[in-house]
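Everything on this sheet refers to the single structure shown next.
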2 protein chains.
Amino acid sequence: MNANFANTLETLETPCLVVDAERMERNITRLRTRLDALGVSLRPHLKTAKSVEAARKVMTTQQGPATVSTLKEAEQFAAAGVRDMIYAVGIAPDKLARVAEMRARGIDLMVVADNVEQAESIAAASKVAGSRIPALIEIDCDGHRSGVPPQDHARLLQIGQVLAAGAELRGVLTHAGDSYRGGGPEAQERFAEAERKAVVDAAQVLRGAGLPCPVVSVGSTPTAHHAKDLTGVTEVRAGVFVFFDLVMAGIGICRVDDIALSVLATVIGHQREKGWIITDSGWMSLSRDRGTSKQPVDMGFGLVCDVNGNVFNNVIVADVSQEHGIIAVRPGSNGRLPELAVGDRVRILPNHACATAAQHGAYHVVRGASLDVEAVWPRFGGW
Amino acid sequence: MNANFANTLETLETPCLVVDAERMERNITRLRTRLDALGVSLRPHLKTAKSVEAARKVMTTQQGPATVSTLKEAEQFAAAGVRDMIYAVGIAPDKLARVAEMRARGIDLMVVADNVEQAESIAAASKVAGSRIPALIEIDCDGHRSGVPPQDHARLLQIGQVLAAGAELRGVLTHAGDSYRGGGPEAQERFAEAERKAVVDAAQVLRGAGLPCPVVSVGSTPTAHHAKDLTGVTEVRAGVFVFFDLVMAGIGICRVDDIALSVLATVIGHQREKGWIITDSGWMSLSRDRGTSKQPVDMGFGLVCDVNGNVFNNVIVADVSQEHGIIAVRPGSNGRLPELAVGDRVRILPNHACATAAQHGAYHVVRGASLDVEAVWPRFGGW
């Protein structure tokens, strides 16, 4: 519904979402090359792009494997031919009928559990479906969210036993969410090793009790780019690496000019005495994500580039309302406000690609310095 | 696309958006009664709900008047019969062809300008269209964003003259955006009076120069609820009053139990030693808006209620990731974590209704304490 079929960045209706295919392909190649060298497979997280066309570029085969964050994603990607997916959010019992229905259509959709109640509901749903639903046990490698604490072997084994008896115990999974806080390459290597160790140890506990554990799954974009050794791990999940963003640049996982996603905006006015340029891109198009606010360099609501994608150093979207953005020099920096007239266009690099992309209905695909739109990729939302 | 046709809050797929029609109708009646007493008309801002069904409840007639924040809204509401709209974001010259096209279909769509370049582009587009496009001049009543500074009579008159000569000068408009920061009833009365004075004075300057100024438009939800006198004002725009939210409750414009909007979520796990309950409602369903973070009571990403809408005092969504929410007791409060099992449902009151609603494709309408869904109202996004 949000697609723009005009064909250059000078003619598209603004605000709209732009992806530089050249940068995106470079980002994908970088991670694939890295994981190939480590001998593990990539199970990309499709929650970042939520686009069939982007998924086809990032998956290693057109059937998967893939990771999703909603059953809507699972259904949309299944309709596009993807057959092997993990729904990587702890399953709500009420969602299991929908999972069973997809599995009955031949989709190998796996679910995730970190408690016995969930495992029992998966077993019960398997019984109703007449088919064992495969589940991974989530391990909490860094205390940031959900998952079985690594030391809680009793809970791990209890979940494993319930799943093995009444459903299918497919393996273990973890996500080093704390790695997004940064800390430099050595910290990232430690996060990656903690992530690896948490699931490899859990797999050993399960196997030691005679339980199966074929899949040992880790993943986050920062750790995927810093792991030195993934012995015992079978696959890596990562999502935001496909586009990257200012949060990832801020913690050194990419450079600013690796960021493939931007929001195209038009200048609608000035408050010259305040050093403000007003655009038609507010939080509705940028998202309210302030992920760089805790980083050493706070990028406001995004970093401003010209329409060709050249960064205006230290010029940011300093404030937003729903459909207005205020461009200003980053406080405390030596940036200079560019000369931009009403009607001129800019591109804004996002703090958080997943959040910014979610505000839009389509990607307008360009390549490198070209302003021509070579494709429009629809994206979907919802659950 | 996101509609859920199951019929109670116990059976809907989660996360999803819920509106309590009883509270919504009460909120609408409250503002209408107030503005009737002040003798001004309501031009509701439809950017909050972006729903034809909600618009029909909030507008005083099915043809308008109304305010919109995007041309997409203008087109969608025009298709539903709305004939009188202000597109209340400073116009980008490239959008004028689309405006002229809507006007040619009989929609009285007005645009907004705060600089001469915009006024000249409106005059040029009027010439191309063979029909004068009506525009309002935006006045900056509180320095928070765009608009002509009230003291800059030269700029005001120059814009007015360009519009009157080549387009149609329809009037003046302002928005007291700073009123969202709060300050108590007396501060709000002052914001309301400053908002009134800024446009009434501007209208006088224009009329004194022999220019027309039929429309004198003010509006923000806080000032609309506190203005004591609106002499000289012809209409009030307000948006979030229809649903209200925690930001509005935090500055005393409504009570928490006036908030008509919530997100329905399901418990998927616990980290009991940390005092956390994990749900399937993360920032994708709540938005990343942290509007209460600057208020005396920081509500995190939302205030938690049971499925019937009864508030768990001081129990908030303390943190989120894309599809996970962490419920915890508000730091420093005397709240107590409720006993909730995996599969139980909660409702989460949002910080910012406009931002949270924007994450969803439909409203599930309930009434008061009932769990039955009496209607599903689609909502749209995009530009």
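The values are calculated or read from the model by the stated rules, or taken from the named source; none is laboratory data. Values in this document were obtained by computation on a predicted structure and should not be read as measured data. Because the Cβ atoms are built from the backbone with ideal geometry, glycine has one as well, and the counts that use them run over all protein chains shown.
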Problem set entry | Filter pass, residue B:71 being more than 30 Å from residue B:325 (Cβ to Cβ) and within 14 Å of chain A (Cβ to nearest Cβ) | yes
For this session: Considering only region A:307-320, state which residues are surrounded by fewer than 19 Cβ atoms within 10 Å (Cβ to Cβ) and either not assigned by TED's automatic domain parsing to the domain that holds residue A:371 or not in a strand (DSSP E or B) (or both).
Result: A:307, A:308, A:310
For this session: Could you tell me which residue of region B:252-299 is surrounded by the most Cβ atoms within 10 Å (Cβ to Cβ), considering only residues that are in a helix (DSSP H, G or I), out of contact with any Gly (no Cβ under 9 Å at 6 or more places or on another chain) and away from every other protein chain (no Cβ under 14 Å)?
Result: B:258
Seminar exercise, completed: All-but-one check, residue B:304 against (1) closer than 15 Å to residue B:320 by Cα; (2) more than 14 Å from chain A (Cβ to nearest Cβ); (3) surrounded by fewer than 24 Cβ atoms within 10 Å (Cβ to Cβ); (4) not small (Gly, Ala, Ser), failing number (3)
For this session: Considering only region A:205-233, state which residues are crowded, with 24+ Cβ neighbours inside 10 Å and of a type in the set (Ser, Thr, Tyr).
Result: A:217, A:220, A:221, A:223
Exercise. In region B:68-79, is there at least one residue being more than 13 Å from the chain's Cα centre (by Cα) and in a strand (DSSP E or B)?
Worked result: no
Exercise. hydroxyl-bearing (Ser, Thr, Tyr) and farther than 14 Å from residue A:242 by Cα: does that describe residue A:51?
Worked result: no
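The rows are residues; the columns are (1) more than 29 Å from residue A:359 (Cβ to Cβ); (2) in contact with a helix residue (DSSP H, G or I) (Cβ under 6 Å, 6 or more places away or on another chain); (3) not assigned by TED's automatic domain parsing to the domain that holds residue A:174.
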{"residue": "A:9", "(1), (2), (3)": "no, no, yes"}
{"residue": "A:19", "(1), (2), (3)": "no, no, yes"}
{"residue": "A:25", "(1), (2), (3)": "no, no, yes"}
{"residue": "A:32", "(1), (2), (3)": "no, no, yes"}
{"residue": "A:36", "(1), (2), (3)": "yes, no, yes"}
{"residue": "A:53", "(1), (2), (3)": "no, no, yes"}
{"residue": "A:58", "(1), (2), (3)": "no, yes, yes"}
{"residue": "A:61", "(1), (2), (3)": "yes, no, yes"}
{"residue": "A:115", "(1), (2), (3)": "yes, no, no"}
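Just to be sure, is residue B:82 among the β-branched types (Val, Ile, Thr) and assigned to a loop (DSSP other than H, G, I, E, B)?
On the way: among the β-branched types (Val, Ile, Thr): yes; assigned to a loop (DSSP other than H, G, I, E, B): yes.
Yes; evaluated as a whole, the condition is true for this residue.
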For this session: Would you mind finding the one in A:154, A:135 that is free of Cβ contacts under 8 Å to residues at least 12 places away in the same chain and hydrophobic (A, V, I, L, M, F, W, C)?
Result: A:154
Problem set entry | Positions within region A:310-368 being within 11 Å of chain B (Cβ to nearest Cβ), free of Cβ contacts under 8 Å to residues at least 40 places away in the same chain and of a type outside the set (Ser, Thr, Tyr), in sequence order | A:319, A:320
For this session: Scan region A:75-85 and give yes if some residue there is within 14 Å of another protein chain (Cβ to nearest Cβ) and in contact with a helix residue (DSSP H, G or I) (Cβ under 6 Å, 6 or more places away or on another chain), otherwise no.
Result: no
Exercise. Tell me, which residue of region B:107-133 that is of a type outside the set (Val, Ile, Thr), within 14 Å of chain A (Cβ to nearest Cβ) and not in a helix (DSSP H, G or I) is surrounded by the fewest Cβ atoms within 10 Å (Cβ to Cβ)?
Worked result: B:115
Exercise. Residues in region B:329-342: is at least one among the basic types (Lys, Arg) and crowded, with 17+ Cβ neighbours inside 10 Å?
Worked result: yes
For this session: Identify, from the list A:104, A:92, A:66, the residue that is buried (at least 22 other Cβ atoms within 10 Å of the Cβ) and more than 10 Å from every other protein chain (Cβ to nearest Cβ).
Result: A:66
For this session: Answer yes or no as to whether residue B:200 is in contact with a strand residue (DSSP E or B) (Cβ under 8 Å, 6 or more places away or on another chain), part of a helix (DSSP H, G or I), farther than 23 Å from residue A:13 by Cα and assigned by TED's automatic domain parsing to the domain that holds residue B:40.
Result: yes
Exercise. Taking region A:189-204 as the search range and keeping residues that are crowded, with 21+ Cβ neighbours inside 10 Å and in contact (Cβ under 8 Å) with a residue 40 or more places away in the chain, which one is farthest from residue A:135 (Cα to Cα)?
Worked result: A:191
